[in-house]
1. So what is the diffusion coefficient of segment C:27-219 in µm² per second by Stokes-Einstein at 37 °C and 0.692 mPa s, using a Kirkwood Rh over Cα pairs?
2. Can you give me the Cα centroid spacing of segment B:243-287 and segment C:92-163 in angstrom?
3. How do the peptides C:201-208, B:245-252 rank, highest first, by the average count of neighbouring beta carbon atoms within 10 Å per residue?
4. Rounded to the nearest Å, what's the spacing between the alpha carbon centres of segment C:170-229 and segment B:1-80? Just the number, please.
5. Roughly what angle does helix C:72-98 make with the longest principal axis of chain C, taking Cα atoms, 0 to 90 degrees, to the nearest 10?
6. Quick one: angle between helix B:198-230 and the longest Cα principal axis of chain B, in degrees between 0 and 90, rounded to 10, please.
7. Given the options C:79, C:162, C:11, which has the most mean-square fluctuation in a GNM of chain C, springs set between C-alpha atoms less than 10 angstrom apart?
8. List the equivalent ellipsoid semi-axes of segment B:451-533 in whole Å, largest first, each obtained as the square root of 5λ for an eigenvalue λ of the Cα gyration tensor.
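Only the coordinates and a few stated rules stand behind these numbers; no lab work does. Computed from a predicted model, the values in this text were never measured in an experiment. Positions of Cβ are backbone-derived with ideal geometry, glycine not excepted, and every protein chain shown enters the neighbour counts.
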């Protein structure tokens, strides 16, 4: 198939790749330090936030999405759909699990195992 | 005599000499669409036969011809074939493939070899699905919905069907992908999105659902296989797994899937109504945007299948509200179609009959859906014959009826011939009457408590089953009759010419009938709207050798 | 699909000429198609993350304990390996685009090596877990074991997701082998490199998935069992 007909600035693009690499390595280091250093009460949120920043760098620069508005909009649409599933199922349904007292799968703490009867397959 | 796409073709591999291999290896979107139709309708009749077997068994209470376990396998087979092998590929695979590229002035889809590969992936899926009929364990008996925990514990052959559904899902994804790129990249110069015919809008919105919703059921099937064979625990209560999660994942796809089915069908309606009312469609933009919004909002309503499964009350309420909401864009379309017909010169050819019949049957299907969107009502009607009647009115009386309408409408384009109009009309009336006799009593039976997927029932329900059976006989007669009309038309019908309906959209401006391999002789420049009529006559006229406007 | 495709010209009524985009020679179309395919991967892994989050919500403490028991050192090494491999793959594409075909191939070999290293380390991890009695249909993961529900579900999804991710890495290695063959056959070149572009994109998404898999599984329990709410 054909090419995209722009002239390529090799040095500029290569330095962009390396800059992003350093950024990603730094963020990975932060990932390891974070649980002991900051936001220690909300590690999950911090970790996901770092992951999102890493993802943004990868998508914009490694995957060359910077400047491509059509595919960008489609990507946002896909992410909104996934987010909606999360919000509804996790945020509204299981977060308000209303049969916790009777349910076998949410037995008191880890004692669910006491009710576990071997199931034949 | 100029050559048509039946005389020559492009192939994926090599330059085969035999006609058979030319069909097997063809990458031409028109031939691929025909092959899809041939396979799909063969399986369609297998599923119809299975349904007839069930109707026969249910004619009287008690066991007459088959036992309860076989009955369970029968409704599973019926559902799996109808949904995964027939209606999901459905209109996009046949009419989307054949007609859509012609409507946008393209020479093929964006990835013709991928199209070829996708067709054979579909065939593989069909083979895997039906292979389990011939194994010792027998076909799955879980219903096409494979709910955990039963699907995990049953000894029938669920894995074949799960794998088949995955493969068929991949084919659906790739079709959607191909169509999305085609519509974005290959529209004729000048054809902006809002100059596309509404069938293309329907295929476009559908392709987004094919692409994004199907992976969810794909992974759900994989997770079900992982659960059944590797015990990962997520759907198995003995390890803390929640069967309701399976239902969430399953319906996150399967609800958008019904919009995937109906959107192309609505696209067909939007083509037929203006042509046979001889005027411009009313509300082009709102119909186009309503297709897009149905595709979007349709992702949000799946929980209405889970009202009785143990979801949190707040979740049920949200889903109920959203489900009512999604009915609005569909309603807009119906009003626009009726407004189009108002003061039009109605031509009651067979495609128009099917379209008008669908307005009646889909309205019933849609409205009964709205009734069970109410949580309280659904508690009573869930898993009864009311639900069964609702979705058959919507899917059979909506999607399939419009599929038939589209087949009648584009028959001359595809074959270059015309079917017998009188016989086609008789087939329509037989099916319309039979359909309503078959399904309408089920609303009443369901309301009085007849459960679905039940092999036996109390004697008070027998009258409904008997009326349904009579309806089934009439309906199947009409169905068969219609296909005989098609075959005879193709074999020995009169040549139709390139534009027998005097319609406006680009697929009717081919240089010869049936179309040549490379479609239009030249790609036109599109500076007109798709449905321009003036006093009942098309405004835009072309010279078919240069595709320049001569009006 | 020859490389001598000549696009058609459409003429409007006022004489202006427009080049018709054909399905042949459509670089942007090839790119768009592959991005759409990658969105399906996002939906697929997104659904799996949702299953994980579902049970996380029902069993918050057990998830933290299970997470804490994973080998963060090996997981971290794999994270860096994949990160560097994304660089090498990107550089291979860049070199191809400027005409350095030999350099491009070298970088592809480097990527493949790193990918294999990733798989080997993953294998070590799984083997260690197996020896601790934690593996599918084995030891603690059987229904009759005493391990808590939350942990069983955590590990069930752990093996599933790292397994499917590893499967995608194997496919990636296969794609790279195929890419090398196409380059050697002259079908992929600086003038026609859409295949290379798309395989690089594929590798980026494999990396992207790990960017989320790693913290969710390995890091949420890293600060001790409180680690959050």
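1. Using the Kirkwood radius from Cα pairs, D works out to 182 µm²/s.
2. 41
3. B:245-252, C:201-208
4. One Cα centre to the other: 39 Å.
5. Taking Cα atoms only, the helix is inclined about 0 degrees.
6. Tilt of helix B:198-230: around 30 degrees.
7. The residue with the greatest mean-square fluctuation here is C:11.
8. Working through the eigenvalues yields semi-axes of 47, 19, 12 Å.
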